[in-house]
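The values are calculated or read from the model by the stated rules, or taken from the named source; none is laboratory data. Since this is a predicted model, take the numbers as computed values, not measurements. Every residue, glycine as well, gets a Cβ built from its backbone with ideal geometry; the counts of neighbours run over all protein chains shown.
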(Lines give C-alpha, C1' and ligand atoms only; values in the text may rest on other atoms or scores of the structure.)
Protein backbone atom coordinates (compact mmCIF):
# COMPACT_ATOMS: atom_id res chain seq x y z
CA UNK A 1 0.00 0.00 0.00
CA UNK A 2 2.95 2.27 0.59
CA UNK A 3 2.48 5.97 1.28
CA UNK A 4 -0.24 6.56 -1.31
CA UNK A 5 -3.07 8.85 -0.27
CA UNK A 6 -6.51 9.09 -1.83
CA UNK A 7 -7.15 12.48 -3.41
CA UNK A 8 -10.54 13.35 -2.00
CA UNK A 9 -13.25 16.01 -2.13
CA UNK A 10 -16.40 16.62 -0.08
CA UNK A 11 -19.63 17.59 -1.82
CA UNK A 12 -22.00 19.42 0.51
CA UNK A 13 -20.98 21.06 3.78
CA UNK A 14 -24.07 20.69 5.93
CA UNK A 15 -23.50 19.40 9.46
CA UNK A 16 -23.04 15.85 8.18
CA UNK A 17 -20.66 17.02 5.47
CA UNK A 18 -18.59 18.95 7.98
CA UNK A 19 -18.37 15.84 10.14
CA UNK A 20 -17.21 13.78 7.15
CA UNK A 21 -14.61 16.42 6.33
CA UNK A 22 -13.33 16.49 9.90
CA UNK A 23 -13.10 12.70 10.06
CA UNK A 24 -11.35 12.40 6.68
CA UNK A 25 -8.83 15.05 7.66
CA UNK A 26 -7.77 12.92 10.63
CA UNK A 27 -7.09 9.82 8.53
CA UNK A 28 -3.71 9.42 6.84
CA UNK A 29 -5.24 7.64 3.85
CA UNK A 30 -7.00 10.79 2.60
CA UNK A 31 -5.68 13.98 1.03
CA UNK A 32 -8.40 16.63 1.08
CA UNK A 33 -8.17 18.31 -2.32
CA UNK A 34 -11.42 20.28 -2.52
CA UNK A 35 -14.75 21.10 -0.92
CA UNK A 36 -17.96 22.41 -2.45
CA UNK A 37 -21.13 23.97 -1.14
CA UNK A 38 -23.67 26.43 -2.50
CA UNK A 39 -23.02 28.57 0.58
CA UNK A 40 -19.90 30.29 -0.74
CA UNK A 41 -18.80 31.82 2.56
CA UNK A 42 -19.12 28.50 4.38
CA UNK A 43 -17.17 26.70 1.65
CA UNK A 44 -14.42 29.33 1.65
CA UNK A 45 -14.07 29.20 5.44
CA UNK A 46 -13.72 25.41 5.50
CA UNK A 47 -11.41 25.38 2.48
CA UNK A 48 -9.12 27.76 4.33
CA UNK A 49 -9.23 25.59 7.42
CA UNK A 50 -8.30 22.43 5.50
CA UNK A 51 -6.03 24.13 2.96
CA UNK A 52 -7.85 22.91 -0.15
CA UNK A 53 -9.61 24.23 -3.24
CA UNK A 54 -13.12 25.65 -2.92
CA UNK A 55 -16.15 25.54 -5.22
CA UNK A 56 -19.72 26.78 -5.01
CA UNK A 57 -20.66 24.73 -8.09
CA UNK A 58 -20.74 20.94 -7.72
CA UNK A 59 -20.31 20.39 -11.44
CA UNK A 60 -17.15 22.49 -11.60
CA UNK A 61 -15.57 20.55 -8.75
CA UNK A 62 -16.19 17.30 -10.64
CA UNK A 63 -15.00 18.40 -14.08
CA UNK A 64 -11.96 20.36 -12.87
CA UNK A 65 -10.49 17.63 -10.68
CA UNK A 66 -9.32 14.06 -11.08
CA UNK A 67 -10.06 12.47 -7.73
CA UNK A 68 -9.77 9.06 -6.13
CA UNK A 69 -12.76 9.61 -3.86
CA UNK A 70 -15.82 11.81 -3.61
CA UNK A 71 -17.59 12.04 -0.25
CA UNK A 72 -21.20 13.10 -0.87
CA UNK A 73 -23.19 14.83 1.86
CA UNK A 74 -25.28 17.04 -0.43
CA UNK A 75 -28.91 16.14 -1.10
CA UNK A 76 -29.25 13.88 -4.14
CA UNK A 77 -31.73 16.17 -5.89
CA UNK A 78 -28.98 18.81 -6.07
CA UNK A 79 -26.18 16.57 -7.35
CA UNK A 80 -27.55 13.39 -8.93
CA UNK A 81 -26.06 14.23 -12.34
CA UNK A 82 -22.75 15.19 -10.73
CA UNK A 83 -22.54 11.85 -8.92
CA UNK A 84 -22.98 10.06 -12.24
CA UNK A 85 -20.37 12.27 -13.90
CA UNK A 86 -17.96 11.53 -11.05
CA UNK A 87 -18.49 7.81 -11.46
CA UNK A 88 -17.76 8.07 -15.18
CA UNK A 89 -14.49 9.80 -14.26
CA UNK A 90 -13.64 6.77 -12.06
CA UNK A 91 -14.16 8.52 -8.72
CA UNK A 92 -14.96 6.12 -5.89
CA UNK A 93 -18.10 7.36 -4.12
CA UNK A 94 -19.07 7.32 -0.47
CA UNK A 95 -22.56 8.71 -0.04
CA UNK A 96 -24.28 9.54 3.21
CA UNK A 97 -27.46 7.55 3.76
CA UNK A 98 -29.94 7.10 2.27
CA UNK A 99 -28.47 5.45 -0.81
CA UNK A 100 -30.78 7.48 -3.08
CA UNK A 101 -34.28 8.91 -3.27
CA UNK A 102 -35.79 5.61 -4.40
CA UNK A 103 -34.83 2.08 -5.34
CA UNK A 104 -34.57 2.78 -9.07
CA UNK A 105 -32.14 5.64 -8.53
CA UNK A 106 -30.04 3.57 -6.10
CA UNK A 107 -29.92 0.65 -8.54
CA UNK A 108 -28.78 3.06 -11.26
CA UNK A 109 -25.87 4.20 -9.08
CA UNK A 110 -24.93 0.58 -8.34
CA UNK A 111 -25.11 -0.40 -12.00
CA UNK A 112 -22.94 2.52 -13.13
CA UNK A 113 -20.37 1.86 -10.38
CA UNK A 114 -20.07 -1.75 -11.54
CA UNK A 115 -19.70 -0.68 -15.17
CA UNK A 116 -16.91 1.75 -14.21
CA UNK A 117 -15.31 -0.74 -11.78
CA UNK A 118 -15.34 1.68 -8.86
CA UNK A 119 -16.57 1.55 -5.27
CA UNK A 120 -19.99 2.94 -4.45
CA UNK A 121 -20.57 2.83 -0.69
CA UNK A 122 -23.28 4.11 1.63
CA UNK A 123 -22.32 5.46 5.03
CA UNK A 124 -24.01 3.44 7.77
CA UNK A 125 -22.21 4.57 10.94
CA UNK A 126 -24.19 2.24 13.22
CA UNK A 127 -22.26 -0.63 11.62
CA UNK A 128 -19.23 0.83 13.41
CA UNK A 129 -20.98 1.70 16.69
CA UNK A 130 -19.62 -0.28 19.64
CA UNK A 131 -23.10 -0.95 21.05
CA UNK A 132 -24.49 -2.26 17.76
CA UNK A 133 -21.33 -4.31 17.19
CA UNK A 134 -21.79 -5.89 20.65
CA UNK A 135 -25.40 -6.62 19.69
CA UNK A 136 -24.30 -8.23 16.40
CA UNK A 137 -21.67 -10.35 18.14
CA UNK A 138 -24.27 -11.58 20.64
CA UNK A 139 -26.51 -12.68 17.77
CA UNK A 140 -23.72 -14.35 15.80
CA UNK A 141 -22.65 -16.32 18.87
CA UNK A 142 -26.16 -17.78 19.03
CA UNK A 143 -26.75 -16.59 22.59
CA UNK A 144 -30.44 -15.94 22.04
CA UNK A 145 -32.86 -18.62 20.85
CA UNK A 146 -36.15 -18.62 18.98
CA UNK A 147 -36.34 -14.94 18.11
CA UNK A 148 -39.94 -14.14 17.25
CA UNK A 149 -40.24 -10.35 17.38
CA UNK A 150 -38.26 -7.17 16.68
CA UNK A 151 -39.55 -3.76 17.72
CA UNK A 152 -37.90 -0.48 16.82
CA UNK A 153 -38.67 3.12 17.70
CA UNK A 154 -37.24 6.09 15.86
CA UNK A 155 -38.16 9.49 17.29
CA UNK A 156 -36.51 12.29 15.35
CA UNK A 157 -37.21 14.89 18.04
CA UNK A 158 -37.45 18.64 17.55
CA UNK A 159 -34.48 19.14 15.21
CA UNK A 160 -34.98 21.51 12.30
CA UNK A 161 -35.35 20.15 8.77
CA UNK A 162 -34.76 22.00 5.48
CA UNK A 163 -37.90 22.76 3.48
CA UNK A 164 -36.93 20.47 0.59
CA UNK A 165 -37.34 17.42 2.86
CA UNK A 166 -41.12 17.93 2.81
CA UNK A 167 -41.21 17.60 -1.01
CA UNK A 168 -41.54 13.95 -2.16
CA UNK A 169 -39.89 14.68 -5.51
CA UNK A 170 -36.83 16.31 -3.94
CA UNK A 171 -36.52 14.16 -0.83
CA UNK A 172 -37.85 10.83 -2.08
CA UNK A 173 -39.54 10.21 1.25
CA UNK A 174 -39.87 11.41 4.80
CA UNK A 175 -39.14 9.88 8.17
CA UNK A 176 -38.82 6.28 6.90
CA UNK A 177 -36.23 7.04 4.24
CA UNK A 178 -34.38 9.93 5.80
CA UNK A 179 -34.48 9.19 9.53
CA UNK A 180 -34.98 5.43 9.95
CA UNK A 181 -32.36 4.27 7.46
CA UNK A 182 -29.79 3.26 10.10
CA UNK A 183 -32.28 1.22 12.13
CA UNK A 184 -33.64 -0.46 9.01
CA UNK A 185 -30.06 -1.23 7.94
CA UNK A 186 -29.37 -2.85 11.32
CA UNK A 187 -32.47 -5.04 11.06
CA UNK A 188 -31.63 -6.25 7.56
CA UNK A 189 -27.86 -6.56 8.19
CA UNK A 190 -28.35 -8.67 11.29
CA UNK A 191 -31.35 -10.72 10.22
CA UNK A 192 -32.57 -10.71 6.62
CA UNK A 193 -34.74 -8.97 4.07
CA UNK A 194 -38.36 -9.47 5.20
CA UNK A 195 -40.73 -11.46 3.03
CA UNK A 196 -43.46 -8.83 3.35
CA UNK A 197 -43.81 -5.24 4.51
CA UNK A 198 -47.03 -3.50 5.50
CA UNK A 199 -46.93 0.21 6.28
CA UNK A 200 -49.17 3.12 7.27
CA UNK A 201 -47.78 6.61 6.69
CA UNK A 202 -49.18 10.05 7.39
CA UNK A 203 -48.25 13.63 8.24
CA UNK A 204 -49.70 16.50 10.22
CA UNK A 205 -51.01 18.44 7.23
CA UNK A 206 -54.48 19.90 7.70
CA UNK A 207 -56.35 17.96 5.03
CA UNK A 208 -56.00 14.79 2.97
CA UNK A 209 -55.30 16.57 -0.31
CA UNK A 210 -52.43 18.53 1.24
CA UNK A 211 -50.96 15.36 2.79
CA UNK A 212 -50.59 13.84 -0.67
CA UNK A 213 -48.02 16.50 -1.57
CA UNK A 214 -45.85 16.18 1.55
CA UNK A 215 -43.49 13.53 2.84
CA UNK A 216 -44.59 11.49 5.85
CA UNK A 217 -43.65 12.54 9.36
CA UNK A 218 -45.23 9.51 11.06
CA UNK A 219 -45.03 5.88 10.00
CA UNK A 220 -45.70 2.37 11.27
CA UNK A 221 -44.10 -0.47 9.30
CA UNK A 222 -44.66 -4.16 10.05
CA UNK A 223 -42.27 -6.73 8.59
CA UNK A 224 -42.84 -10.47 8.18
CA UNK A 225 -39.62 -12.51 8.08
CA UNK A 226 -41.21 -15.96 8.52
CA UNK A 227 -44.54 -17.28 9.77
CA UNK A 228 -43.20 -17.07 13.33
CA UNK A 229 -40.92 -14.03 13.17
CA UNK A 230 -42.11 -10.43 12.78
CA UNK A 231 -40.80 -6.90 13.17
CA UNK A 232 -42.46 -3.56 13.85
CA UNK A 233 -41.03 -0.07 13.37
CA UNK A 234 -42.66 3.11 14.70
CA UNK A 235 -41.26 6.44 13.54
CA UNK A 236 -42.19 10.07 13.94
CA UNK A 237 -40.71 13.54 13.58
CA UNK A 238 -42.93 15.43 15.96
CA UNK A 239 -42.96 13.99 19.47
CA UNK A 240 -40.57 13.26 22.30
CA UNK A 241 -36.78 13.44 22.59
CA UNK A 242 -34.62 12.07 19.81
CA UNK A 243 -34.04 8.34 20.20
CA UNK A 244 -33.44 5.19 18.17
CA UNK A 245 -34.01 1.95 20.04
CA UNK A 246 -34.07 -1.62 18.77
CA UNK A 247 -35.51 -4.51 20.83
CA UNK A 248 -35.22 -8.21 19.97
CA UNK A 249 -37.40 -10.79 21.74
CA UNK A 250 -36.38 -14.43 22.01
CA UNK A 251 -37.42 -17.50 23.98
CA UNK A 252 -35.94 -16.33 27.28
CA UNK A 253 -34.04 -13.11 26.48
CA UNK A 254 -34.75 -9.56 25.38
CA UNK A 255 -31.97 -7.58 23.71
CA UNK A 256 -32.11 -3.78 23.71
CA UNK A 257 -29.66 -1.64 21.79
CA UNK A 258 -29.26 2.07 21.05
CA UNK A 259 -26.26 4.11 19.96
CA UNK A 260 -24.51 3.99 23.37
CA UNK A 261 -26.06 1.06 25.25
CA UNK A 262 -26.60 -2.70 24.88
CA UNK A 263 -28.55 -4.71 27.45
CA UNK A 264 -29.74 -8.27 27.90
CA UNK A 265 -32.77 -8.90 30.11
CA UNK A 266 -35.38 -11.57 30.83
CA UNK A 267 -39.12 -11.48 30.28
CA UNK A 268 -39.63 -9.65 33.58
CA UNK A 269 -37.22 -6.89 32.62
CA UNK A 270 -34.40 -8.02 34.92
CA UNK A 271 -31.09 -7.01 33.33
CA UNK A 272 -28.43 -9.72 33.23
CA UNK A 273 -25.90 -7.89 31.03
CA UNK A 274 -25.38 -4.19 30.45
CA UNK A 275 -22.68 -2.56 28.34
CA UNK A 276 -22.33 1.21 27.98
CA UNK A 277 -20.13 2.81 25.32
CA UNK A 278 -18.80 6.32 24.83
CA UNK A 279 -17.94 6.31 21.12
CA UNK A 280 -19.49 9.31 19.42
CA UNK A 281 -20.53 10.15 15.87
CA UNK A 282 -17.06 11.34 14.88
CA UNK A 283 -15.50 8.05 16.04
CA UNK A 284 -17.99 6.06 13.96
CA UNK A 285 -17.53 8.25 10.89
CA UNK A 286 -13.76 7.86 11.19
CA UNK A 287 -14.07 4.07 11.37
CA UNK A 288 -16.32 3.85 8.32
CA UNK A 289 -14.05 6.16 6.32
CA UNK A 290 -11.03 4.01 7.20
CA UNK A 291 -12.91 0.96 5.96
CA UNK A 292 -13.83 2.77 2.73
CA UNK A 293 -10.25 3.92 2.14
CA UNK A 294 -8.70 0.51 2.82
CA UNK A 295 -11.23 -1.22 0.54
CA UNK A 296 -9.79 0.94 -2.26
CA UNK A 297 -6.10 0.87 -1.31
CA UNK A 298 -5.94 -2.78 -0.32
CA UNK A 299 -9.12 -4.50 -1.54
CA UNK A 300 -7.78 -8.05 -1.22
CA UNK A 301 -7.33 -7.62 2.53
CA UNK A 302 -10.16 -5.20 3.31
CA UNK A 303 -13.77 -5.83 2.35
CA UNK A 304 -16.05 -2.83 1.92
CA UNK A 305 -18.47 -2.95 4.84
CA UNK A 306 -21.48 -1.21 3.30
CA UNK A 307 -21.52 -1.49 -0.47
CA UNK A 308 -24.15 0.07 -2.66
CA UNK A 309 -25.42 -3.29 -3.87
CA UNK A 310 -25.85 -4.42 -0.27
CA UNK A 311 -27.83 -1.26 0.49
CA UNK A 312 -30.28 -2.08 -2.27
CA UNK A 313 -31.90 -4.41 0.27
CA UNK A 314 -32.57 -1.45 2.55
CA UNK A 315 -33.97 0.53 -0.35
CA UNK A 316 -36.21 -2.37 -1.40
CA UNK A 317 -37.71 -2.60 2.09
CA UNK A 318 -38.31 1.17 2.23
CA UNK A 319 -39.75 1.17 -1.30
CA UNK A 320 -42.07 -1.69 -0.26
CA UNK A 321 -43.22 0.34 2.75
CA UNK A 322 -44.09 3.32 0.57
CA UNK A 323 -45.85 1.10 -1.96
CA UNK A 324 -47.82 -0.59 0.82
CA UNK A 325 -48.93 2.78 2.19
CA UNK A 326 -50.38 3.55 -1.25
CA UNK A 327 -51.98 0.17 -1.96
CA UNK A 328 -53.14 -0.66 1.56
CA UNK A 329 -51.69 -4.16 1.09
CA UNK A 330 -48.52 -5.97 2.22
CA UNK A 331 -45.76 -5.72 -0.38
CA UNK A 332 -42.78 -8.00 -1.09
CA UNK A 333 -39.26 -6.51 -1.16
CA UNK A 334 -37.88 -9.43 -3.17
CA UNK A 335 -40.05 -8.40 -6.13
CA UNK A 336 -38.37 -5.00 -6.11
CA UNK A 337 -34.94 -6.60 -5.69
CA UNK A 338 -35.52 -8.58 -8.88
CA UNK A 339 -35.03 -5.32 -10.76
CA UNK A 340 -31.50 -4.95 -9.35
CA UNK A 341 -28.40 -6.11 -11.25
CA UNK A 342 -26.81 -9.34 -10.04
CA UNK A 343 -28.22 -9.15 -6.54
CA UNK A 344 -28.59 -12.63 -5.06
CA UNK A 345 -30.85 -12.59 -1.99
CA UNK A 346 -29.58 -14.69 0.92
CA UNK A 347 -31.97 -17.17 2.52
CA UNK A 348 -34.03 -15.83 5.42
CA UNK A 349 -32.55 -18.04 8.14
CA UNK A 350 -28.82 -17.41 7.83
CA UNK A 351 -28.07 -16.58 11.47
CA UNK A 352 -28.02 -18.79 14.57
CA UNK A 353 -30.75 -17.20 16.68
CA UNK A 354 -33.85 -18.27 14.76
CA UNK A 355 -34.98 -21.88 14.85
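Provide a single number: the residues in segment 86-96 that are assigned to a helix (DSSP H, G or I) and crowded, with 16+ Cβ neighbours inside 10 Å. Selection size over segment 86-96: 2. Here the strands (runs of 3 or more DSSP E) wholly within segment 229-316 that include at least 1 residues being farther than 17 Å from residue 131 by Cα and in contact (Cβ under 8 Å) with a residue 40 or more places away in the chain are 229-236, 243-249.
Contact map, segment 324-343: first residue closer than 13 Å to residue 313 by Cα and assigned by TED's automatic domain parsing to the domain that holds residue 230, second residue in a loop (DSSP other than H, G, I, E, B) and modelled with pLDDT of 90 or more, Cβ cut-off under 6 Å, separation 6 or more or different chains; pairs are 333/193.
The residues of segment 5-57 that are over 20 Å from residue 288 (Cβ atoms), out of contact with any strand residue (DSSP E or B) (no Cβ under 6 Å at 6 or more places or on another chain) and part of a loop (DSSP other than H, G, I, E, B), listed by number, are 37, 38, 39, 51, 56, 57. Scanning segment 318-332 for residues that are part of a helix (DSSP H, G or I) and touching a strand residue (DSSP E or B) at 6+ places or on another chain (Cβ under 6 Å) yields 320, 321, 323, 324, 325.
Within segment 173-189, being surrounded by fewer than 24 Cβ atoms within 10 Å (Cβ to Cβ) and farther than 15 Å from residue 156 by Cα holds for 186, 187, 188, 189. Taking the conditions (1) more than 17 Å from residue 123 (Cβ to Cβ); (2) outside any helix (DSSP H, G or I); (3) out of contact with any strand residue (DSSP E or B) (no Cβ under 9 Å at 6 or more places or on another chain); (4) at pLDDT 95 or above in turn, residue 1 satisfies each one other than (4).
Residue selection: residue 254 fails the criterion of being out of contact with any strand residue (DSSP E or B) (no Cβ under 6 Å at 6 or more places or on another chain), at pLDDT 95 or above and not assigned by TED's automatic domain parsing to the domain that holds residue 111. Residues in segment 62-75 that are in contact with a helix residue (DSSP H, G or I) (Cβ under 8 Å, 6 or more places away or on another chain) and under 22 Å from residue 27 (Cβ atoms): 8 in all.
Can you work out which of the residues in segment 13-50 that are free of Cβ contacts under 8 Å to residues at least 12 places away in the same chain and closer than 24 Å to residue 283 by Cβ is surrounded by the fewest Cβ atoms within 10 Å (Cβ to Cβ)?
In this case the residue turns out to be 15.
When segment 140-169 is filtered for residues that are surrounded by 14 or more Cβ atoms within 10 Å (Cβ to Cβ) and over 21 Å from the mean Cα position of the chain (by Cα), the ones remaining, listed by number, are 143, 144, 146, 147, 148, 149. Of all the numbered requirements in (1) over 23 Å from the mean Cα position of the chain (by Cα); (2) over 25 Å from residue 169 (Cβ atoms), residue 62 misses one, and that requirement is (2).
Does segment 111-126 include one or more residues that are at positive phi and either at pLDDT 95 or above or over 14 Å from the mean Cα position of the chain (by Cα) (or both)?
In the first step, residues of segment 111-126 are kept if they are at positive phi; the result is 117.
If we keep only those that are either at pLDDT 95 or above or over 14 Å from the mean Cα position of the chain (by Cα) (or both) too, we end up with 117.
Yes.
Of the helices (runs of 4 or more DSSP H) lying entirely inside segment 127-221, the ones with 2 or more residues being modelled with pLDDT under 95 and farther than 21 Å from residue 97 by Cα are found at 208-211. Going through (1) in contact with a helix residue (DSSP H, G or I) (Cβ under 9 Å, 6 or more places away or on another chain); (2) at pLDDT 95 or above one by one, residue 270 falls short only on (1).
Residue-by-condition table, conditions (1) closer than 30 Å to residue 91 by Cβ; (2) at pLDDT below 95; (3) loosely packed, with under 13 Cβ neighbours inside 10 Å:
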{"site": "294", "(1), (2), (3)": "yes, no, no"}
{"site": "299", "(1), (2), (3)": "yes, no, yes"}
{"site": "307", "(1), (2), (3)": "yes, no, no"}
{"site": "320", "(1), (2), (3)": "no, no, no"}
{"site": "348", "(1), (2), (3)": "no, yes, no"}
